[in-house]
Amino acid sequence: MNQRLLSKITSFSLMVILSGAITGCVGTTAAQDRRTVTIAVVENDPRDANGDLNRQSTYAGVSLAADQIRERGGIDIQIDVYDDDNDPEKARQIAQEIASSNALAVIGSSSFTRLEAMAGTLENSGIPTLNVSPVTKQFTAANFYQFNLSYTVETEGAYIANYVRTVIGLETAAIISTGDSYSQALARQFRNTFRGLGGTIVTERSADEETTDQIISTIVSANPSVIFIAADEATSAQWVIQMKRKGLSYLIAGGSNLGSAAFLEKIENQPEEATFTGYFTEGILTTRAILFDSANRYANQFLAEYQNAYAADAATSLEQPDDRVVNGYDAALVLLSAMQNGNINGAEIQVEADREKTYRALAAMDSLASSALGVVGPAYFEPSQNIRRAPRFGIYQNGELVSASIQFEPVEALSEIRNLPREIERGRILTVNGDYVYRSNVVYVGIDLLGIDDIDIKTSTYKMDFYLWFRYRPNGQDPSYRPEDFVFMNAVGEFEFIPLRDEANPDGTVLKTYRVNGTFKDQFQFYNYPFDHQTLAVELRNQSATTSFIQYVVDRVGMRYGSENTLLDNFRSNGAFDSLVGWNEYAARMTQDIFPTSSTLGSPQNFNQSVATNFSLIELQVDLERDSLQYIIKSLLPLLIT
């Protein structure tokens, strides 16, 4: 089956998800919902210095979702936005204002400390609150009306400790922290997990007790393998800048604050960054709720919607949203689902009753079957009212945060693992913070197009010549781990497959490069002939491991793939279109997706399963348009003359 058709069948589109949330039945068009509700959004800097919406805020995500819901005929969500100025006392006052308002629910805040300040008042007022930044598991469990839409602080700290200790293999660490609740909880979890894995904490310093110079001097004397930072964005950026300027070259790791837009803004304002992009951040390991270079098509559709919505205000249309935006958007969708399921009234005199209905509907979202689908994935809550969600590991390369080569994916159905001890022995499954996780391998795939020939409109076939490479971190424990074991989905007949490189990189990854020359097929469309446009595609998927173990990701850095236009220009520079006759190239893109199959593949453990098996897939598309003028001159004009 044509893969684009398959994707249309199997992939959720943004508008379909919204329609499903609005109507309670995916794909059904809803009549206009006349209810109006108010949601409060609380965070630091929801607006920029000019008073305009901050594109990298929770408010931006909630506002985008509210606009789309309204356009689809859903509940009219009004947003009361509050700026807590990073001040717990002001956050406490804001909570009192919200309690006496018509707000049905609260989304926020961007800080655990300010959430703690607000919690008591919101609890006493019975206002359900969706937290969009990491909090401790105990905080949510101890507060009746609190729901956590982000991974917990404990999960974040344990994941990072496991990554640096078991994946990278580092034995010693230094910890720098500040005294706030989030930073202390994160540092404590990292310390306990790292030690539990046999690592040694050589020094632990507090910014509340020492100057930056004193901390750096102590770290140099301790000579750790990695420095773990647990602090807010501004403090973390300050430490990174000072350590780099003093020549420290240790690996730096930290929580999601090191992956935020606010952190990057502090870094990018430094003069060194103007000379060398990534001067301060190169190699830093951090976490994010989502990284779009390894996200599915639905998430990347959200990315396009976000960029289109805020492009007029942005310095660049390619700006990516950070976790505050994404979690804010998902929180709005979760609340919409809860309000629909709870059958809220929407009238001002029913605010207290509607708050309780919303709370009960949120509490009832306790399984995949009752979940709301968000950008990051299905959203439902455990008994502690925390979401079951894993952070994604990101590493800075050339100033950009990209997916790390190893990710941890929670094992959802342990009973379905056929031989758990063997999978653990192979290093395919680990235990992290008391849970089993897959050691999922991110494999960067790149294609550099060299030529297109022999376009045959009768058979919808064409020849393509290109370089193909795979870059990944090897797993010596698992002899069956073969990222380059793939199959072309749309190849026709035999093709040349010549190995060119097989080498190790300084960062511990390996690179395998091939030259491929073969014939491929895609279903051409001739509705507008002779003014038709055709897409030439190359589709490949892994055939030996599911997405739980291998995730193909487009190597945007290696392909110099900043945008579709730059990718097309790169191919032109290769002379890829020099042999085209009667056609003009006008677009090129490369995406990752999944190839789902409901086949049992002959495995007994799949016989009674109705869930699809997913394999990772990469697709290159080149769009051509027929040279209509040349066609008319060569084919139609002679007929008119005769």
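The values are calculated or read from the model by the stated rules, or taken from the named source; none is laboratory data. As the structure is a computational prediction, the values presented were derived from the model and not from experiment. Don't worry about glycine lacking a Cβ; one is built from the backbone with ideal geometry, like all the others, and counts go over all protein chains shown. Note: accessible area is taken over every heavy atom of the protein model, side chains too, but ligands, DNA and RNA are not part of it. Shrake-Rupley method; radii C 1.70, N 1.55, O 1.52, S 1.80 Å.
When E352, E319 are checked against the criterion of being farther than 24 Å from I160 by Cα and in a helix (DSSP H, G or I), a single residue qualifies: E352. Consider region 533-567 and keep the residues that are assigned to a loop (DSSP other than H, G, I, E, B) and charged (D, E, K, R). The one that is nearest to G582 (Cα to Cα) is R560. V326 meets all of the listed conditions (1) open to solvent by 10 Å² or more (accessible area, probe 1.4 Å); (2) touching a residue at least 24 places away in the same chain (Cβ under 8 Å) but one, namely (1). If you go through region 201-223 and pick out every residue that is in a strand (DSSP E or B) and within 13 Å of S177 (Cα to Cα), you end up with 4. Inspect all residues belonging to region 495-518 and state whether any of them is open to solvent by less than 20 Å² (accessible area, probe 1.4 Å), in contact (Cβ under 8 Å) with a residue 60 or more places away in the chain, out of contact with any Cys (no Cβ under 7 Å at 6 or more places or on another chain) and assigned to a strand (DSSP E or B). No: zero hits.
Applying a threshold of 9 Å to beta carbon distances and a minimum spacing of six or more residues, or different chains, the list of pairs starting in region 71-82 at a residue that is over 14 Å from R35 (Cα atoms) and in contact (Cβ under 8 Å) with a residue 40 or more places away in the chain and ending at one that is of a type outside the set (G, A, S) and assigned to a loop (DSSP other than H, G, I, E, B) reads D80/N102; V81/P46; Y82/P46. Within the bounds of region 169-183, is there any residue that is at pLDDT 95 or above, among the charged types (D, E, K, R) and farther than 16 Å from N257 by Cβ? Scanning region 169-183 turns up at least one residue that is at pLDDT 95 or above, among the charged types (D, E, K, R) and farther than 16 Å from N257 by Cβ. Among residues of region 476-494 being in a loop (DSSP other than H, G, I, E, B) and open to solvent by less than 70 Å² (accessible area, probe 1.4 Å), the one that is farthest from S579 (Cα to Cα) is D478. If I ask for residues that are in contact (Cβ under 8 Å) with a residue 60 or more places away in the chain and buried (at least 22 other Cβ atoms within 10 Å of the Cβ), which ones from region 113-132 would you list? Hits for region 113-132 are R114, M118, I127, P128, L130, V132. Output yes when any residue across region 54-70 is open to solvent by 50 Å² or more (accessible area, probe 1.4 Å) and outside any loop (DSSP other than H, G, I, E, B), and no when none is. Yes, region 54-70 has at least one match. For region 80-96, which positions are part of a helix (DSSP H, G or I) and buried (at least 22 other Cβ atoms within 10 Å of the Cβ)? Passing the criteria: A91, I94, A95. Against the conditions (1) open to solvent by less than 80 Å² (accessible area, probe 1.4 Å); (2) hydrophobic (A, V, I, L, M, F, W, C); (3) at pLDDT 90 or above, F524 satisfies every one except (3). Among the residues of region 361-387, the one identified as part of a helix (DSSP H, G or I), without any contact (Cβ under 8 Å) to a residue 60 or more places away in the chain and either open to solvent by less than 20 Å² (accessible area, probe 1.4 Å) or touching a helix residue (DSSP H, G or I) at 6+ places or on another chain (Cβ under 6 Å) (or both) is A361.
To keep it simple, each residue is scored yes or no on (1) open to solvent by 10 Å² or more (accessible area, probe 1.4 Å); (2) modelled with pLDDT of 90 or more; (3) of a type in the set (S, T, N, Q); (4) over 22 Å from the mean Cα position of the chain (by Cα).
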site: D435; (1), (2), (3), (4): yes, no, no, no
site: V442; (1), (2), (3), (4): no, yes, no, no
site: T459; (1), (2), (3), (4): yes, yes, yes, yes
site: P474; (1), (2), (3), (4): yes, no, no, yes
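Counting the residues of region 153-168 that are open to solvent by 10 Å² or more (accessible area, probe 1.4 Å) and among the polar types (S, T, N, Q) gives 2.
The rows are residues; the columns are (1) in a helix (DSSP H, G or I); (2) not small (G, A, S).
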position	(1), (2)
Q78	no, yes
I98	yes, yes
G120	yes, no
L130	no, yes
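Checked against the criteria, S337 does not count as at pLDDT 85 or above, closer than 20 Å to D593 by Cα, hydroxyl-bearing (S, T, Y) and buried (at least 20 other Cβ atoms within 10 Å of the Cβ). Can you find even one residue in region 473-486 that is farther than 22 Å from T547 by Cβ, in contact with a Phe, Trp or Tyr (Cβ under 7 Å, 6 or more places away or on another chain) and in contact (Cβ under 8 Å) with a residue 40 or more places away in the chain? No - not one qualifying residue is present in region 473-486. Selection of first residues in region 270-287 that are within 18 Å of F393 (Cβ to Cβ) and of second residues that are exposed (fewer than 14 other Cβ atoms within 10 Å of the Cβ) and not aliphatic (A, V, I, L, M), restricted to Cβ pairs under 7 Å at least 6 apart or on distinct chains, gives the following pairs, ordered by first then second residue: G278/N398. Close contacts from region 425-438, counting a first residue that is without any contact (Cβ under 8 Å) to a residue 24 or more places away in the chain and a second that is open to solvent by 40 Å² or more (accessible area, probe 1.4 Å) and outside any helix (DSSP H, G or I), with Cβ to Cβ under 8 Å and a gap of 6+ residues or different chains, come to I429/Y436. Scanning region 236-268 for residues that are under 25 Å from the mean Cα position of the chain (by Cα) and not aliphatic (A, V, I, L, M) returns S236, G254, G255, S256, N257, G259, S260, F263, E265, K266, E268. Remark: pairs (first residue in region 554-566, acidic (D, E); second residue modelled with pLDDT of 90 or more; Cβ separation under 7 Å; 6+ apart in sequence or on different chains) = D555/Y444; D555/V445; D555/G446; D555/R471; E564/A587; E564/A588; E564/R589. Scanning region 181-213 for residues that are in contact with a Lys or Arg (Cβ under 8 Å, 6 or more places away or on another chain) and open to solvent by 40 Å² or more (accessible area, probe 1.4 Å) yields L197, G198, E204. For region 411-432, filtered to residues that are of a type in the set (G, A, S) and assigned to a loop (DSSP other than H, G, I, E, B), the residue that is most open to solvent (accessible area, probe 1.4 Å) is A413. Might you let me know whether region 388-402 holds any residue that is modelled with pLDDT of 90 or more and part of a loop (DSSP other than H, G, I, E, B)? Yes: one or more hits.
Taking each residue of region 41-63 that is hydroxyl-bearing (S, T, Y) and looking for partners that are part of a loop (DSSP other than H, G, I, E, B) with beta-carbon atoms closer than 6 Å, six or more apart or interchain, yields S57/P46; T58/V132; Y59/P46. Of the residues A231, A289, A262, the single one that is of a type in the set (A, V, I, L, M, F, W, C), in contact with a helix residue (DSSP H, G or I) (Cβ under 7 Å, 6 or more places away or on another chain), under 24 Å from E209 (Cα atoms) and crowded, with 18+ Cβ neighbours inside 10 Å is A231.
Cβ-Cβ below 8 Å, separation at least six or inter-chain, first residue in region 244-260 and within 19 Å of A234 (Cα to Cα) and of a type in the set (V, I, T), second assigned to a helix (DSSP H, G or I) and open to solvent by less than 60 Å² (accessible area, probe 1.4 Å): which pairs? Listed by first residue and then by second, the contacts come to I252/V240; I252/M243; I252/L258.
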